[in-house]
Amino acid sequence: MVTPKLDYRWHLREAMATCGMFSTTDLRPLLAERGIDLSPSQTYRLVVERPERLSLKTLEALLDVLGCSMDELVEPVAAAGSRRRHRAAPGGGPLPEKDAGLGGLRPSGPGSCPSRRRSCPTVSCRAPLPNLRP
């Protein structure tokens with residue numbers, strides 16, 4: 001029996017967009033309030049790339065800032081069986097459709113955010129977060 005290799009999709013950018021944060025500079029002070037001091041370049045890489053290593057304190061701070069659970073931020077998936085390298089989107093998931101992106105997640109007005117489930121704890125957004133799984 002072959003055990004499948006595991007991989008994951010990183011949904012930090014989508015979770016940030018749900019809370020009305022569209023810039024990495026929005027995240028940095030919120031992490032600093034929780035004792036996580038990242039440089040601007042570290043914060044940028046955390047948001048736009050899929051991290052290979054992440055401290056539990058940083059993960060805990062991200063979950064607190066975004067008001068989401070770990071399974072909404074990190075989605076476990078089975079690794080592709082092929083050895084061929086496929087082009088991937090930043091964050092490790094498949095490439096989005098041509099017209100896909102954050103457009104559907106953008107708030108419709110200042111301080112508004114799509115509401116579905118629970119409150120977003122950031123200062124600029126208090127609307128419920130959607131479930132990020134497809």
Stretch gain in nm, segment S69-R53, where the contour uses 0.36 nm per residue and the Cα spacing is subtracted: 3.9 nm
Residue order for V2, V77 - accessible surface, 1.4 angstrom probe, largest first: V2, V77
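The values are calculated or read from the model by the stated rules, or taken from the named source; none is laboratory data. Only a predicted model underlies this, so the values are computations on that prediction, with no experimental measurement involved. Just the protein is used for accessible areas: all its heavy atoms, side chains included, with ligands, DNA and RNA removed. Shrake-Rupley method; radii C 1.70, N 1.55, O 1.52, S 1.80 Å.
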